[in-house]
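Notes follow once the structure below has been shown.
Each reported figure results from applying straightforward, stated rules to the coordinates on display, with no laboratory input. The structure presented is a predicted model; accordingly, all values stated were derived computationally and were not measured. Quick reminder, even Gly has a Cβ in these numbers, built from the backbone with ideal geometry, and neighbours come from all protein chains shown.
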Amino acid sequence: MRVRWALEEVGQPYDVRLVSFREMKEPAHRRLHPFGQIPTYEEGDLALFETGAIVFHIAQRHAGLLPDEANARARAIAWMFAALNTVEPPILDREIATLVERDKTWYAARLPILEDRVRARLGNLSSRLGDADWLDDAFSAGDLLMVTVLRRLNGSDMLEKYPNLSAYVARGEARPAYKRAFDAQWAVFTGKPPTG
Ligand SMILES: N[C@@H](CCC(=O)N[C@@H](CS)C(=O)NCC(=O)O)C(=O)O
């Protein structure tokens, strides 16, 4: 979704090549991705892995995801790193625990600890965002990544406690480029566009 959304934001046409979990671990795919994961990205002679690097590459090559002014650009890049490096890890830790550690004896004791760490990040992010639309003036690749990171909390009630963050995610999801990316991604799993 992150790569699709970035490509839709800059208006760059793309083809998608789906790989199965088995294919991800085979040598042909590992040549593109050393850790045998998705997504990967190919453009001419260039092959890239890591979502953040791919989105950054797209944002550097095309207008629309990073400001032109040098300092504003640097701040937008800082938000990209913050999304992936500071906000996503505790969210991911919680998500993994809820998915694969539920049957462990220590799960009930560990979950509140993990949720406190998520709340600490959400509280700080909420304070910084305040009543702004985006993290640093205009929408950027930093917002694109942050919105997709926060969306990982869907299905929990954690984000709803921060109305400005919920509204921020909704603003991201309302962007036409997001909708095009979401519909295309949805169709991969269902074979048809979303209803409603
Ligand atoms: N840091 C990587 C994470 C990639 C990742 O976790 N990919 C998942 C799918 S979203 C995956 O390939 N999982 C299968 C596996 O790890 O075997 C990135 O942002 O690209």
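Look at (1) closer than 21 Å to Ala187 by Cα; (2) touching a Lys or Arg at 6+ places or on another chain (Cβ under 7 Å); (3) within 15 Å of the ligand (Cβ to nearest atom) and you find that Gly36 fails only one, number (1).
With respect to (1) over 19 Å from the mean Cα position of the chain (by Cα); (2) assigned to a loop (DSSP other than H, G, I, E, B); (3) free of Cβ contacts under 8 Å to residues at least 40 places away in the same chain; (4) surrounded by 11 or more Cβ atoms within 10 Å (Cβ to Cβ), the lone exception for Pro67 is condition (3).
Taking the stated definitions as given, is Glu101 surrounded by 11 or more Cβ atoms within 10 Å (Cβ to Cβ), acidic (Asp, Glu) and closer than 21 Å to Arg128 by Cβ?
Values: surrounded by 11 or more Cβ atoms within 10 Å (Cβ to Cβ): yes; acidic (Asp, Glu): yes; closer than 21 Å to Arg128 by Cβ: no.
No.
Would you confirm whether any residue within the stretch 130-147 is hydroxyl-bearing (Ser, Thr, Tyr) and in a helix (DSSP H, G or I)? Spell out how you get there, then give the answer.
Our first condition is that a residue be hydroxyl-bearing (Ser, Thr, Tyr); within the stretch 130-147, this holds for 140.
Narrowing the set further to residues that are in a helix (DSSP H, G or I) leaves none.
No, that holds for no residue.
Count of the stretch 1-16 residues, restricted to those that are more than 12 Å from the ligand (Cβ to nearest atom) and surrounded by 12 or more Cβ atoms within 10 Å (Cβ to Cβ), is 9. Cβ-Cβ distances below 7 Å connect the following pairs, each with a first residue in the stretch 72-86 that is crowded, with 16+ Cβ neighbours inside 10 Å, a second residue that is aromatic (Phe, Trp, Tyr), and a separation of six or more residues or different chains: Met80/Phe56. Checked against (1) under 18 Å from Tyr168 (Cα atoms); (2) in a loop (DSSP other than H, G, I, E, B); (3) of a type in the set (S, T, N, Q), Thr105 passes all but condition (1).
From the set of residues in the stretch 18-33 that are within 14 Å of the ligand (Cβ to nearest atom) and surrounded by fewer than 10 Cβ atoms within 10 Å (Cβ to Cβ), which is farthest from Ala141 (Cα to Cα)? So, considering only residues that are within 14 Å of the ligand (Cβ to nearest atom) and surrounded by fewer than 10 Cβ atoms within 10 Å (Cβ to Cβ), the one farthest from Ala141 (Cα to Cα) is Arg22. Reported count of residues in the stretch 39-57, each being part of a loop (DSSP other than H, G, I, E, B) and near the ligand (Cβ under 9 Å from one of its atoms), is 2.
Run down Leu144, Leu92 and say which single residue is surrounded by 17 or more Cβ atoms within 10 Å (Cβ to Cβ), under 25 Å from Trp5 (Cβ atoms) and in contact (Cβ under 8 Å) with a residue 24 or more places away in the chain.
On the way: Leu92 fails: surrounded by 17 or more Cβ atoms within 10 Å (Cβ to Cβ).
Exactly one of Leu144, Leu92 is surrounded by 17 or more Cβ atoms within 10 Å (Cβ to Cβ), under 25 Å from Trp5 (Cβ atoms) and in contact (Cβ under 8 Å) with a residue 24 or more places away in the chain, namely Leu144.
Which of the residues that make up the stretch 157-183 are in contact with a helix residue (DSSP H, G or I) (Cβ under 8 Å, 6 or more places away or on another chain), of a type in the set (Gly, Ala, Ser) and either surrounded by fewer than 17 Cβ atoms within 10 Å (Cβ to Cβ) or not in a helix (DSSP H, G or I) (or both)? Of everything in the stretch 157-183, just one residue is in contact with a helix residue (DSSP H, G or I) (Cβ under 8 Å, 6 or more places away or on another chain), of a type in the set (Gly, Ala, Ser) and either surrounded by fewer than 17 Cβ atoms within 10 Å (Cβ to Cβ) or not in a helix (DSSP H, G or I) (or both), namely Ser166.
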